[in-house]
Amino acid sequence: MRTTLLREALETITASDGSDVEPLMRLVQAVRPTAAERRRGVAPRFDALVQLLEHQDDLREGLSRYVHRHFGAKGVASTLTDAGMPSGSFWHELRQRLTYKLLPYQPDSATLDHTLINTFFLESDADWVDRLPEASVVRFLDLLGVDGLHARHRDSLLMQQLFFAAKVLGLRIAGRAFDSEVLRMLPGHAGFNSPFVRLEEALDRYLDQLRLGEAGRGADDPARMPVVALLDECREAIAEAYRNTERLGITVRVNQHLILMERKLQRLGTVLDAIAAPEGSDGRVALARLLKELVRISSGRTRVLRFIADSTQVLSREITQHTGRTGEHYITSTRGEYLAMLRSALGGGAIVAVACILKAWYGNIPGSLFFHAFLYSMNYAMAFIAIYLLRLTLATKQPAMTAATIAQAVDEGRHDGHRDYRSLAELVARVWRSQFIAFVGNVAMAFPVALALGYGWNLLFGPDLLARKADKMLHELDPFTSLALPHAAIAGIFLFLSGLIAGSISNASIHSNVPLRIQEHPLLKLALSQRWRQRLARGYERHAGGIISNFWFGVFMGSVGAVGTFLGLALDIRHITFAAGNMALGLVGADWQVTAYAVAASILGIGLIGLFNFLVSFGLSLSLALRSRGIPVAEARPIVAAVLARFRRNPTSFFLP
């Protein structure tokens, strides 16, 4: 059937005058592999097309005539300089790509872009075209009588377009390199000695010599070598900018600029390779590679997930790295640190118990949905900020903070193609036992303190408040008859987001030099001494990320129920420490007149809520940290195997130091 479609498409092309792109679109559709064929990496109908052209002179001559007429006057420069290049704005580029998915971009019909977009319009086209054997593509070009790149005179349209594309790319690279925020990432490259300036100058000389016939087009021509060397220098300068992110921070805008410069350098290298076709050949192999690249950059302009991944990898690494520094104290090694973590968690549990009784009281105050959401949010936020400032521990804050440290250990365990995750397994054991003792400390203190507060409330204000809420508090902990576990997962998501916020604030503070700006603020100089300004700046640097992230964590936790009510969805949160406090208040409110099932289900629910809090927040944080380091998800299998081997060998190390 598909072979019949192939012949019909060729017959339509033979009858065409070459002005319309639709016959070519139908030919590509007939050649395009099925999903199963793409998974196997084959394109059988392209091979069938070549064989058909070898044996059918009329079809071959018709396609050759169409190709020469259709492509003869189309310029390639704009495709090479613009297609697939992200804009300087992440959000603008994202909106544009989403728009192009629904309503494809349509350039001027006289451009090569128009032909590529309307023939290779699927994102998967770049993959199967790239897998076509070069020998088959070269044979296809030979059958159509298409000259290779080296056979084309320097004054031909294609070569002039390649020269012009190289010129434009060189200018744009140099211009982008002198953006003020990019220069801040490269403090040593702000003068005439910048590799980007020298690249543009060397490229100008090389292109002038090519146009005048004073330089050869060989890959080893002396006029070309300085340009190639400077390309490497520019790539190293961009790598240096990325290395500086730890010291200087980075923003989405700067990251987009650096990505764009990388893409333009890569594209310039592609153009120079096309110009410098190997001596002693007509350059059909180079032309085949150029055509594959053109399809790739054209069909890639609608890729959304890959764009997001590429655009956020470095930024997410910096965020998780700063978060990881914040969370290093959450991992215990010695017995002393383990006991200190227990004491810290006991203190955190006491504060949560206070927040539990306050939340019960706030719920009894008359007011609107928004009013209660505000009270709950401030209650959670103040509790979390108090725990942070008093250097106490909230158990489930650990996963989001420690995932970056584990990702770094994964990275260190991968070297020279080998995988050695024994030290990582040791780190996971330390993290797990730190999490375990934090759970124990939080729950062990939250429950009795909440009991005492509940009895105290009943003594001072009467039993009505807790008695009305008792059944609801206990029911919400039942993992079988309530939505306790999905709500625990929602809390895990918020824990993950709070970790991101902490890292983002720290990264933005470093990049924007906020501590120095506080210290040198002219109004503060009039009001405060240098010593106090330095203390204020250091305080912001150390605590801004923690305070702001805990505030927003509280807002997330306190407002999700109101959002769910507004949307008509059963949204809420469950957190292990609050669950323990609520169980105590529920028992006091019910005057302990509860069934054994209710007690058992509540205890089981508290444990499962903690597990879901941990798994969701840690899983999301770890996946982000791994992706930020370019570590594939498939790496999880040997990691899990190493951790299980460690557990079988020494299970007590996951619970005791």
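Need the list of lysines near Lys469 for cross-linking: C-alpha distance under 19 angstrom, and skip anything on the same chain fewer than eight residues off.
Hits, sequence-local ones excluded: Lys359.
Compute the helix-to-body angle for 335-363: its Cα long axis versus the longest principal axis of the chain, expressed 0 to 90° and rounded to tens.
80
If you stretched the chain out fully between Gln106 and Glu181, how much longer would it get, using 0.36 nm times the residue separation minus the C-alpha to C-alpha distance?
Between Gln106 and Glu181, full extension yields an extra 23.7 nm.
Give the calculated FRET efficiency between Gln209 and Thr99 to the nearest 0.05, with a Förster radius of 35 Å applied to their Cβ-Cβ distance.
Rounded to the nearest 0.05, the efficiency is 0.25.
Based on the Cβ-Cβ distance from Arg542 to Thr4, what FRET efficiency comes out when R0 is 60 Å, to the nearest 0.05?
In this case the efficiency is close to 0.25.
By how many degrees, 0 to 90 and rounded to 10, does the Cα axis of helix 397-413 deviate from the longest principal axis of the chain?
Approximately 40 degrees, to the nearest 10.
Hey, what angle do you get for helix 90-102 against the long axis of the chain, alpha-carbon based, 0 to 90 degrees rounded to 10?
With both axes taken from Cα atoms, the answer is about 70 degrees.
Using a 1.4 Å probe, what is the accessible area per residue for the chain, in Å²?
Using a 1.4 Å probe on heavy atoms only, each residue of the chain averages 46 Å².
Cα gyration tensor of the range 111-165, axes a ≥ b ≥ c as square roots of the eigenvalues: rounded (a/c below 1.5), prolate (a/b > b/c) or oblate?
Here the range 111-165 falls in the oblate category.
Kindly identify the chain as rounded, prolate or oblate by the Cα gyration tensor criterion: order the square roots of the eigenvalues as a ≥ b ≥ c, call it rounded if a/c is under 1.5, otherwise compare a/b with b/c, prolate if a/b is larger, else oblate.
Working: a/c = 2.66, a/b = 1.97, b/c = 1.35.
Prolate, since a/c reaches 1.5 and a/b exceeds b/c.
Could you give the longest part of the chain that holds none of the GluC sites (Glu not before Pro) found in DSSP loops with at most 14 neighbouring Cβ atoms within 10 Å?
That would be 280-519.
With a/c under 1.5 counting as rounded, go ahead and sort the range 478-551 into rounded, prolate or oblate using the C-alpha gyration tensor (a ≥ b ≥ c being the square roots of the eigenvalues; past the cut-off, prolate if a/b is larger than b/c, else oblate).
Prolate, because a/c is 1.5 or more and a/b exceeds b/c.
What's the longest piece of the chain with no exposed trypsin sites (Lys or Arg not before Pro), counting a site as exposed if DSSP puts it in a loop and it has at most 15 other beta carbons within 10 Å?
It runs 392-657.
Using only Cα atoms, locate the centre of the range 136-197 and the centre of the range 459-487, then give the distance between them in Å, rounded to an integer.
With the range 136-197 and the range 459-487 each reduced to a Cα centre, they are spaced 68 Å.
How long is the gain from Glu11 to Arg535 if the chain were fully straight, where each residue apart is worth 0.36 nm and the alpha carbon distance is subtracted?
Gain on stretching Glu11 to Arg535: 180.6 nm.
Would you work out what percent of the accessible area of the chain, with all protein chains in place, is carbon or sulfur (probe 1.4 Å)?
Details: 18510 of 30540 Å².
About 61 percent, which is the carbon plus sulfur part of the accessible surface.
The values are calculated or read from the model by the stated rules, or taken from the named source; none is laboratory data. Since the model is a prediction, treat every value here as computed from it, not as a measurement. Positions of Cβ are generated from backbone atoms using ideal geometry, with glycine treated the same way; all protein chains shown enter the neighbour counts. Please note that ligands, DNA and RNA were not included when accessible areas were found on the heavy atoms of the full protein model with its side chains. Shrake-Rupley method; radii C 1.70, N 1.55, O 1.52, S 1.80 Å.
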